[in-house]
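What follows is a set of notes on a single structure, which appears directly below.
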Amino acid sequence: MIKNFLRKQIKKTGTYQVLKVEKDGLEGQVENLKGKISNLEMVINNLKAETKSLKEIYIEDVPVFQDYSKLTVIVPYRKTDDPEREENVDITLGYLSKIGIKNLIISEHSDKTSSNFFEEKYGHLFASFRVIFSRSDGSLFNKAHAINKGVMVSKTPYFAIVDIDCLTEKKNVDMALYLLDKGFEVVHPFNRIIKDIVDKKSFKKEFDFKKVNSPPQYRDWADGGIVFWNENAFIDIGMKNEYFSGWGGEDNEILIRANLCKLKQIRIDDALYHLHHDRPQIRTQNNVEQTEKIEQIGDKEELLQEINNWPWLLGLRNRDQD
């Protein structure tokens, strides 16, 4: 009885009434938010359906053979003491050779070059094979810098950035080249679906993707791994952002710029295959801040003002004018 009496008295207080109003208001906001989320999901599903229809228009009657001489594969690299990662390099280069890639650049950002090793072991596998080296002087691996250096020496209209632990089926390479020829400027050979290759020893024997039994992983943030680019479009939006260093974020950031500049982008509805290894878990705070800085930019004009001062882009333009 005492508890019931106290409850009745509390409910009569002004504080209780205020809290009840706030509670009712919050519940209303939650219901409103649920409705908005439901509507947003419907819009997203409609966009996916429209995108699928668009893809079907572009990918019908794709020629079986593509001109690989138009493409340079750029592999950003830093040697590690991890034998698993070095095994991944061997598998990736062997696979790229097997499917007929002609032009390959290994762009190394490190304290010491591995050029002789790569030239001797893999140079004969490609029609054009180069190892370019940038000294890191003890700093963190700058993947963006390595990629930009590779693009600067590339002599083809298209290039693909290929991480040392990522593979895509040959049909997707053919499709990517076809789509680049059709006018697309950024082509992802997968639609944010990842499959891990764990039994690498067996996979290496035949490169048979059908025998990869790992479950698909759906990653909304997966914007890297392998990406095909029209070189001119890549340069026009500032190239990779060399203010990034260490692990993570540079692949997402460049697509923010690509969206601001309205580049024509497309994703092939397939999976990206990842050669399993232990991966870093923490993105450097610098990289988080660099992404946030670009996210604050409102339009293409503001972006161009920002990137026109980037030293690597100025260096490329000055080189082209000489």
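Readers should treat all values here as calculations from the given coordinates under stated rules, not as data from a laboratory. Treat the numbers as computed from the prediction; the structure is a model and nothing was measured. Glycine also receives a Cβ, built like all others from the backbone with ideal geometry; neighbour counts cover every protein chain displayed.
Return the whole-Å distance between the Cα centroid of region 60-133 and the Cα centroid of region 228-293. Here the answer is 20 Å between Cα centres. When the alpha carbon coordinates of region 68-321 are projected onto the principal axes, the ranges are 50, 38, 38 Å, largest first. Would you mind checking K210/K240; K155/K200; K149/K211; K112/K240; K70/K149 for any pair whose Cα atoms are more than 30 angstrom apart? Violating the 30 Å Cα-Cα cut-off are K210/K240; K155/K200; K149/K211.
Using R₀ = 51 Å, calculate the FRET efficiency as 1/(1 + (r/R₀)^6) where r is the Cβ-Cβ separation of L316 and S202; round to 0.05.
Values: r = 43 Å, r/R0 = 0.85.
Calculated transfer efficiency: 0.75.
Give me the compactness ratio for region 83-188, meaning the Cα radius of gyration over 2.2 N^0.38 Å. Could you put the intermediate results ahead of the total?
On the way: Rg = 14.3 Å, N = 106, 2.2 N^0.38 = 12.9 Å.
Region 83-188 yields a ratio of 1.10.
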